[in-house]
Amino acid sequence: ANNIIAMIRTFCEVYQCEFEIRDNNVIHFTAQVGGDNGKQYRYKYNVNNVIRKSSVANLRTFIRGYGGNGLYVEYTSPNASRFGMREAEPFQDERYTQADSLLEALQRELQDYPEVSIDIDTVDGFGADTEVGERVWLIYEPMGIEFQTRILEQTISLRNDKLVVTKVTLGNTVPRKASDILTEQKVEIDNNRVEYRSRFEQT
């Protein structure tokens with residue numbers, strides 16, 4: 001199962017796509033999960049509580065890239081002026097032999113923005129037709145927030161015999177649980193073991 005998770009993540013990175021798990025464990029790949037229907041979550045209108053969480057632990061603004069035939073490229077994110085110079089682990093892939101294509105790969109590889117999630121409790125609640133991945137507007141005047149973001153998680157409850165969304169997590173990342181971190185570590189360990197075995201067999 002862990003090898004499948006690693007394979008899916010690699011596939012999405014290479015083809016710049018997203019995936020969702022549907023009924024009967026069917027994995028659906030698409031350019032972007034969820035629609036864009038102009039819905040709004042607005043404080044004191046249909047939202048009664050907003051909790052903002054953010055982390056810059058994985059934010060990086062500078063990366064070095066090494067391709068084939070001695071190709072070397074550096075990329076500095078425009079966000080470096082805001083968050084400072086934070087160097088990422090070097091990117092190495094000998095398949096890249098052109099500077100332009102390696103630069104694009106570096107830009108994709110670099111996470112140059114904070115991880116942000118916003119939990120909101122809805123008052124009236126949207127109908128259960130909203131979906132994970134959907135683009136929505138969050139308007140919260142006390143914090144000067146007004147921007148379009150995405151639904152990462154949602155809780156659907158029964159109110160007055162109708163299914164409505166009562167709690168939503170918005171942002172660009174879901175707060176990670178200990179089990180998620182352990183799973184990722186196990187995937188990395190499995191991948192490393194395969195890599196070492198492959199090198200040993202080649203030797």
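The values are calculated or read from the model by the stated rules, or taken from the named source; none is laboratory data. The structure presented is a predicted model; accordingly, all values stated were derived computationally and were not measured. No Cβ is skipped: glycine too gets one built from the backbone with ideal geometry, and neighbour counts run over all protein chains shown. Accessible surface is based on the protein model in full, side chains and every heavy atom, while ligands, DNA and RNA are left aside. Shrake-Rupley method; radii C 1.70, N 1.55, O 1.52, S 1.80 Å.
Looking at (1) within 19 Å of T130 (Cα to Cα); (2) exposed (fewer than 14 other Cβ atoms within 10 Å of the Cβ), which one does F19 not meet, given that it meets all the others? Here F19 meets the rest and fails (2).
Checking V174, V116, V164, V168 one by one, the residue that is in a strand (DSSP E or B), closer than 29 Å to G38 by Cα and modelled with pLDDT under 80 is V116 and no other. Considering only the stretch 35-53, state which residues are surrounded by 14 or more Cβ atoms within 10 Å (Cβ to Cβ) and among the polar types (S, T, N, Q). Selection gives Q40, N46.
Against the definition (basic (K, R), touching a strand residue (DSSP E or B) at 6+ places or on another chain (Cβ under 7 Å) and surrounded by fewer than 18 Cβ atoms within 10 Å (Cβ to Cβ)), how does R135 come out, yes or no? When the stated conditions are applied, R135 passes them. For the stretch 22-34, taking the residues that are loosely packed, with under 11 Cβ neighbours inside 10 Å and not small (G, A, S), the one that is farthest from R135 (Cα to Cα) is identified as N24.
Given the structure, is I4 more than 24 Å from V116 (Cβ to Cβ) and open to solvent by 60 Å² or more (accessible area, probe 1.4 Å)?
On the way: more than 24 Å from V116 (Cβ to Cβ): yes; open to solvent by 60 Å² or more (accessible area, probe 1.4 Å): yes.
So I4 passes the test.
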